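K.L.:
Shown below is the structure under consideration.
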Amino acid sequence: MAKKTQKLAPAVTSRAVKVKKRLLNAAVKNPQTLLIQYDNTAEGYDEEKIEDMREMYGTNAISRQKEATIFKRLFDAFVNPFSIVLFIIAVISLATEDLAAFTIVISMVMIGGVLRFVQEHRSRHSAEKLTEMVETTVAVQRVYEDEDTEEERSERREIPLDELVVGDVVYLAAGDIIPADIRILQAKDLFISQSSLTGESEPVEKFEKEITGKPLNPLDLNNLAFMGSNVISGSATALALAVGDDTVFGNIAKQLQVKKEPTSFEKGINSVSWVLIRFMAAMVPLVFFVNGFRNGWLGAFMFAVSIAVGLTPEMLPMIVASNLAKGAVTMSKKKVIVKDLNSIQNFGAMDVLCTDKTGTITQDKVILEYHLDIHGNEDERVLRHAFLNSYYQTGLKNLMDVSIIEYAEKHKVKELWENHTKIDEIPFDFNRRRMSVVVAAPDGKTQLITKGAIEEMLSISSFVEYEGMVEPITDEIRREVLRTCRKYNKDGLRVLGVAQKTNPSPAGAFSVADESDMVLIGYLAFLDPPKESAEEAVAALHEYGVSVKVLTGDNDAVTKSVCRQVKISVENILLGSDIEAMDDGALKKAIEVTDVFAKLSPQQKARVVTALRENGHTVGYMGDGINDAMAMKAADVGISVDTAVDIAKESANIILLEKDLMVLEQGMIEGRKIYANIIKYIKMTASSNFGNMFSVLAASIFLPFLPMLPIQILALNLIYDISCLTVPWDNVDMEYLRKPRKWDSSSITKFMLWLGPSSSVFDITTYALMFFIICPMVAGGAFNTLNEGGQALFIMLFHAGWFVESLWSQTLIIHLIRTPKMPFIRSRASWQLTLLTSAGIAVGTVLPFTFAGRMLKMAHLPLVYFPYLIATIACYMVLTTLLKKIFIRRYGELL
């Protein structure tokens with residue numbers, strides 16, 4: 001296989017031409033000839049033949065974009081605009097023989113780069129591992145060896161998609177993804193959506209009949225289907241012709257690298273970066289010119305560049321990667337699998353959850369309660385016809401089919417009825433809302449048996465079994481039927497109609513057109529009770545600011561009954577027919593006051609979701625059926641379950657291992673925690689850095705020397721950044737989690753402008769303390785009265801005093817800003833964050849007394865400095881707490 005991937009472009013092109021010929025040749029041959037050509041039979045391949053075909057034609061896996069080498073990933077982790085600035089400073093420091101500066105800057109680059117590389121690797125590895133837990137499969141016919149008897153036998157099995165080989169016989173039903181490029185061998189009302197390949201908006205019907213003439217384009221042929229498309233309705237048997245990179249989809253994937261649309265999460269991160277860049281663009285030139293005229297241009301240049309670095313949360317990529325990796329692993333422990341890590345924030349920002357009813361609000365098990373004639377009396381004939389319909393259909397067996405078969409087994413009647421012979425079927429689809437089978441009884445009598453939604457069954461029935469006689473359906477009988485159904489619907493029972501026609505068209509000629517002039521014989525009533533946890537889950541989601549809207553294809557009476565039981569408002573309800581009559585403007589108004597939508601088609605579900613998003617909501621859609629796939633793609637977050645049909649799982653960003661709203665709630669809370677800790681880091685870092693730089697600018701105007709050396713600014717930033725490494729593990733206040741959160745870069749600007757300058761007030765008081773009291777006391781006089789040595793000591797002492805005060809205020813701001821509550825008392829940081837910030841303060845405080853401090857050109861601080869420091873920090877904490885309260889009162893929230 002390795003040799004194949006190393007072939008040159010001409011060889012790849014030649015292979016593509018051969019595959020195209022293979023497809024075109026298969027299209028003109030009949031199914032039996034094709035099976036012989038690929039050395040297969042109706043029994044399928046054995047293990048030896050599977051390996052031969054895989055060796056000959058390749059594996060059914062699409063080659064993704066070539067994964068970056070470890071060196072490329074290291075390069076990306078270390079090289080960004082801000083690390084380039086640091087490298088420039090390191091080169092200048094080395095050129096000027098300032099080894100201390102060089103060491104600090106390189107340490108800063110190494111810590112940020114290594115941690116980002118490690119966390120992004122963990123994040124990617126976690127995503128891959130979690131995605132592997134959700135597997136898409138395909139039904140094939142294969143020969144397997146019986147483990148007990150060691151005899152070979154043919155059976156249909158579900159296998160992972162990548163195990164499929166050319167020549168395999170594949171079975172398809174509604175909801176399946178086409179697993180390879182295939183030739184249809186047998187089809188029944190098979191409609192396939194291939195819009196992802198051809199752009200056709202309408203599903204295309206496929207047939208088994210061979211093509212006549214000389215076809216030129218495989219995509220134009222109605223007996224071929226292609227990887228990347230999916231079955232909308234019907235069923236089929238097919239032969240795999242091309243797999244993996246040889247498919248049409250694989251060829252397109254090799255030629256195109258489609259740029260993914262950034263999520264709101266990525267847009268939010270980008271908007272934050274631009275806010276900081278705008279501040280840098282304004283601040284850096286100003287600092288450069290002010291200091292250039294007073295202190296020399298080279299020093300001013302390095303100082304200005306250091307200011308730029310100081311304004312940048314350079315650990316942001318690492319913090320984001322850590323948050324997402326940790327979040328994905330934590331969510332997997334809560335039975336929530338994240339396919340797309342960037343969707344985690346959207347999950348937490350979700351304020352509207354649209355969900356299907358069956359299996360989410362109701363139990364994932366439907367119970368057949370009654371099988372009744374037209375008058376509401378129990379009738380075994382109705383059960384027998386329903387059983388034959390469900391038992392012999394090969395398409396999409398839903399929960400009602402399963403309950404009918406289980407009921408027959410439980411009441412020992414299955415054996416009496418499964419001796420019929422199936423002749424044909426007309427599979428279910430979501431437009432007809434019914435399905436039919438044609439069966440022959442042992443006595444030779446043939447029947448077309450149809451079951452489906454009662455309105456659709458009335459539309460195709462001309463007759464009814466009424467009081468023991470077959471009578472034409474009159475308006476009065478129609479009203480009686482609907483009254484009976486509504487009575488059961490109001491009790492929360494779903495009702496299907498059952499109809500039959502004796503000795504219909506000959507075999508091979510059955511189609512939807514045959515579903516006419518039927519005889520309606522009775523009803524099936526199913527109990528689809530709410531889950532015990534549903535009411536609690538709906539209440540919990542409301543408590544967390546998420547409104548639940550039910551979008552179902554079921555009828556309104558049943559939907560109302562179930563929704564009432566779980567306390568979802570049914571005051572307003574919209575039907576599919578209502579939505580069809582509305583323009584987009586009217587729909588956008590109606591959906592804001594409606595929580596229940598019934599009798600919806602897949603297109604109408606998607607339209608409701610789109611309208612909600614256009615109204616400014618972050619919308620999640622939870623579903624597991626083919627009729628949910630369109631709505632899931634239209635939503636901000638598609639949510640499915642691991643038992644869903646293939647197309648639903650492929651459309652989803654989040655997969656639940658348990659179909660329960662309570663599981664969803666836990667995952668949503670984790671998404672909000674991730675957002676909280678990311679925005680917490682950005683706001684606290686941007687505001688504290690902005691405050692420090694504002695202080696530097698003010699000091700530059702009045703001081704006769706640089707207020708802090710570039711290397712000291714970088715060392716300060718390094719210690720602070722290390723203190724922030726455990727922010728992803730910080731606690732989040734429960735009150736904060738109760739509200740959906742969206743990215744808003746303007747709130748960061750407000751936050752910086754309000755809370756940043758508060759530290760500047762005490763930086764300036766520290767300047768005054770150091771310049772007028774502490775430094776003259778230690779150095780022996782005012783700055784302008786000292787000789788060169790005395791001025792050097794004065795400056796080193798000043799730098800040390802402001803360095804320590806700045807580090808204390810900048811680090812303590814983490815605890816002050818991380819919560820709107822009183823820090824340390826009403827809201828405590830995690831032990832990891834508390835430990836690291838305490839260590840950062842301790843290291844920064846003792847630094848001036850060490851050899852490293854001398855390398856950074858700082859002097860020992862006198863003991864008299866520390867009471868002033870404690871008083872300054874206490875006043876700063878009081879002022880920040882007051883500003884927090886004012887900020888919250890004005891803007892509604894802190895973070």
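The values are calculated or read from the model by the stated rules, or taken from the named source; none is laboratory data. As the structure is a prediction and not an experimental result, all values here were calculated from the model. Because the Cβ atoms are built from the backbone with ideal geometry, glycine has one as well, and the counts that use them run over all protein chains shown. Heads up: the accessible areas ignore ligands, DNA and RNA and are worked out on the full protein's heavy atoms, side chains in. Shrake-Rupley method; radii C 1.70, N 1.55, O 1.52, S 1.80 Å.
K.L.:
Roughly how many Å² of residue 673 are accessible to a 1.4 Å probe, to the nearest 10?
P.N.:
We get 70 Å² for residue 673.
K.L.:
Tally Lys/Arg at +1 and Asp/Glu at -1 over every other residue whose Cβ is under 12 Å from the Cβ of residue 382; what's the total?
P.N.:
-2
K.L.:
Among the listed pairs 335/673; 335/683; 750/821; 739/821, which have their C-alpha atoms separated by more than 28 angstrom in this model?
P.N.:
Violating the 28 Å limit, Cα to Cα: 335/683.
K.L.:
Around residue 727, what is the net charge, scoring Lys/Arg as +1 and Asp/Glu as -1 over all other residues with Cβ under 12 Å from its Cβ?
P.N.:
+3
K.L.:
Could you size up the charge dipole of the stretch 668-765 around its Cα centre, putting +1 on the beta carbon of Lys and Arg and -1 on that of Asp and Glu, and report it in debye to the nearest 20?
P.N.:
My answer is approximately 400 debye.
K.L.:
What figure in square angstrom, to the nearest 10, would you give for the accessible area of residue 142 with a 1.4 Å probe?
P.N.:
10 Å²
K.L.:
Once the whole set of protein chains is in place, how much accessible area is left on residue 15, using a 1.4 Å probe, in Å² to the nearest 10?
P.N.:
70 Å²
K.L.:
Residue separation times 0.36 nm, minus the C-alpha to C-alpha distance between residue 885 and residue 402: what's the value?
P.N.:
Between residue 885 and residue 402, full extension yields an extra 168.0 nm.
K.L.:
Something else: Would you rank 20, 680 by solvent-accessible area, highest first, keeping every protein chain in place and using a 1.4 Å probe?
P.N.:
My answer, sorted largest first, is 20, 680.
K.L.:
Filter 188/410; 422/633; 333/357; 49/209 down to the pairs with a C-alpha to C-alpha distance above 29 Å, please.
P.N.:
Over 29 Å apart, Cα to Cα: 188/410; 422/633.
K.L.:
If you put +1 on each Lys and Arg Cβ and -1 on each Asp and Glu Cβ, how big is the dipole of the stretch 739-895 around its Cα centre, in Debye rounded to 20?
P.N.:
The dipole magnitude comes to about 980 debye.
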